[in-house]
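**Q** The structure under discussion is supplied below as structure tokens; questions concerning it will follow.
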Amino acid sequence: MKKLLIILLALCSLASAPAPVSSALAIDMVSVQGGTFRMGCTSEQGNQCSGGERPVRNVTLGDFHIGKYPVTQAQWEAVMGNNPSHFKGGSLPVENVSWNDVQQFISKLNSMTGRRYRLPTEAEWEFAARGGRNSRGFIYSGSNNLDEVAWHGGNSGSRTHPVGTKRANELGIHDMTGNVWEWVSDWFGTYPSTDQTNPQGPSSGSGRVIRGGCWSRDAGGCRVSSRHDRTPGIRYNLVGFRLASSP
């Protein structure tokens, strides 16, 4: 009887123990088949486009993988051992992380997992946000109705929300519109006028591109072609990121 009690106590202890770090590192990725698309202020984007969204040109991309969700605070903490976010919650997107911080996270994550995660390029991000080869030409990522797919300035209550709680886009990707802006790999610069294949952005600059809008942004800033930039060393409670990888 005593031996049975010891076994039961041991099983209860295992059941209540925290999940191993490796479980928090299971990044849910979506496979994106490459193709050619019109990048920038296309006709469905209306009259809210900025000059930085022009000229529109054809961009061709190879296959890649991109995160189904933005990186969460639980995932960040499992890798970095801290949580810098302003709005706390394991299932909330991590924010208040600079572009430089993200590079450190990716380096550590890759060492821990043996994978080759990276930030998406700006072109990869927009192609995925538009639904890739399954695109239906929406204004936002997955809908023309912003409330269906995004936590934004009109419905967020001035804070972030758990990832994946709004409808996915045509590729099954969540939160590419709203919740938090997302760092991408590119330096910010003027779009070239010629067609491109697998563009990497300018070779240098003063700001890194952010995409997608956020919990405090209006509808215009949440469009799939909207783009802004921020200094890579500065942190904001509006900005997080999602991961990408090559096949």
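**Q** Compute a Gaussian network model of the chain, connecting alpha carbons closer than 10 Å, and tell me which residue from Ser193, Ser50, Ser85 fluctuates the most.
**A** Ser193
**Q** Show me, bin by bin at 5 Å from 0, the whole-percent P(r) of region 140-193 based on Cα pairs.
**A** Reading the bins upward from 0: 4, 20, 24, 20, 12, 13, 6, 1, 0.
**Q** Follow-up. Mind listing the phi-derived Karplus ³J(HN,Hα) values for region 41-53, rounded to whole Hz, using 6.51, -1.76 and 1.60 with θ = phi - 60°, and x for any glycine or proline?
**A** 7, 6, 4, 6, 6, x, 9, 9, 5, 8, x, x, 8
**Q** Right, another one. Quick check: the distance between the Cα centres of region 177-243 and region 94-164, to the nearest angstrom?
**A** 10
**Q** Given the DSSP H assignment, sum -39500 (n - 2.57) over each helix run of at least 4 residues in the chain and divide by its residue total; what's the result at 222 nm in deg cm²/dmol, nearest 500?
**A** Working: 6 runs with 54 residues, N = 247.
Computed mean residue ellipticity for the chain: -6000 deg cm²/dmol.
**Q** Go ahead and set up a Gaussian network model of the chain, Cα springs under 10 Å, then flag whichever of Pro84, Pro192, Pro232 fluctuates most.
**A** Of the options given, Pro192 has the highest mean-square fluctuation.
**Q** Hey, of (i) -0.72; (ii) -0.55; (iii) -0.84, which did the structure itself give for log10 I(q)/I(0) by the Debye sum over Cα atoms at q = 0.11 Å⁻¹ when calculated?
**A** Read-out taken from this structure: (ii).
**Q** Please compute the contact order of the chain in relative form: average sequence separation of alpha-carbon pairs under 8 Å and at least six residues apart, divided by the residue count, as a percent.
**A** 26
**Q** Sticking with this one: How much of the pair distance distribution for region 172-222 lies past 15 Å, counting alpha-carbon pairs only, in percent?
**A** 56
**Q** For the residue pair Gln48 and Arg136, what label-to-label distance in nm results when each label sits 7 Å from Cα along the Cα-to-beta-carbon direction?
**A** 1.9
A short reminder: the numbers here are calculations on the coordinates, not readings from a lab. Please read these numbers as outputs of a predicted model, since none were measured by experiment. Cβ coordinates were reconstructed from backbone atoms using ideal geometry, including for glycine residues, and neighbour counts include every protein chain displayed.
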